[in-house]
């Protein structure tokens, strides 16, 4: 394999068509783009496979692994984490294509998701331990924008973190003695330096 290949920009959800064309060119240059061709599926294993078919299948499985690695390597970290457990290379390729088409159609149709709906979704995704905070926010009569709710959540998160460290600090101090007590009841020295 040629190690002098130019690295692709990581796909982050924008410019899918350009990224897809560059990746197609790379995979074609590596002679592994055939893995993504729907007209060339991987044949099923049978007991009657000849040695040549077994060798071809093994090569195709290796090429699929290499192809999958190149596709995953060309994704941003968020998308890599999302697709890393996907079983086949074609599934990854089709999922990326499908989600990008949906996004483009939504833009073309100009479907706008209202800001209050987005804020409500953020609030309902808070962890169960934030139940009281969620109720307090929902019972307020004012509408929040996403930037405001993010600011409120950050403040609440910092406050909870600070309260947790203070609580842990106080628990660790229970029944602790800060200074030794003189058994004679003479806790402070009386002499001021007349020795």
#### Entry: Relative contact order (%) - the stretch 34-91, alpha-carbon pairs under 8 angstrom, separation at least six
42
### Task
Under 1.5 on a/c is rounded, so check that first for the stretch 57-122, then, if it is not, pick prolate when a/b is larger than b/c and oblate when it is not; a ≥ b ≥ c are the square roots of the alpha carbon gyration tensor eigenvalues.
prolate
## Note on the structure
residue 86 and residue 134 label points (each 7 Å along its Cα→Cβ direction) are spaced in nm at 3.0
### Query
Given the alpha-carbon gyration tensor of the stretch 1-156, what are the semi-axes of its equivalent ellipsoid in whole angstrom, ordered largest first, with each equal to the square root of 5 times an eigenvalue?
44, 18, 15
### Query
Going by how many other Cβ atoms sit within 10 Å of their own, how do 81, 56, 47 line up, fewest first?
47, 81, 56
### Task
Could you line up 115, 64, 142 from fewest to most neighbouring Cβ atoms inside 10 Å?
142, 115, 64
### Message
Using Cβ counts within 10 Å as a stand-in for footprinting exposure, how do 11, 33, 124, 25 rank, fewest first?
### Response
124, 25, 33, 11
### Summary
Length-normalised contact order of the stretch 1-123, Cα under 8 Å, at least 6 apart, in percent, tallies to 29
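Each value in this text was obtained by applying a stated rule to the coordinates, not by laboratory testing. These numbers were taken from a predicted model, which means no experiment stands behind them. Glycine also receives a Cβ, built like all others from the backbone with ideal geometry; neighbour counts cover every protein chain displayed.
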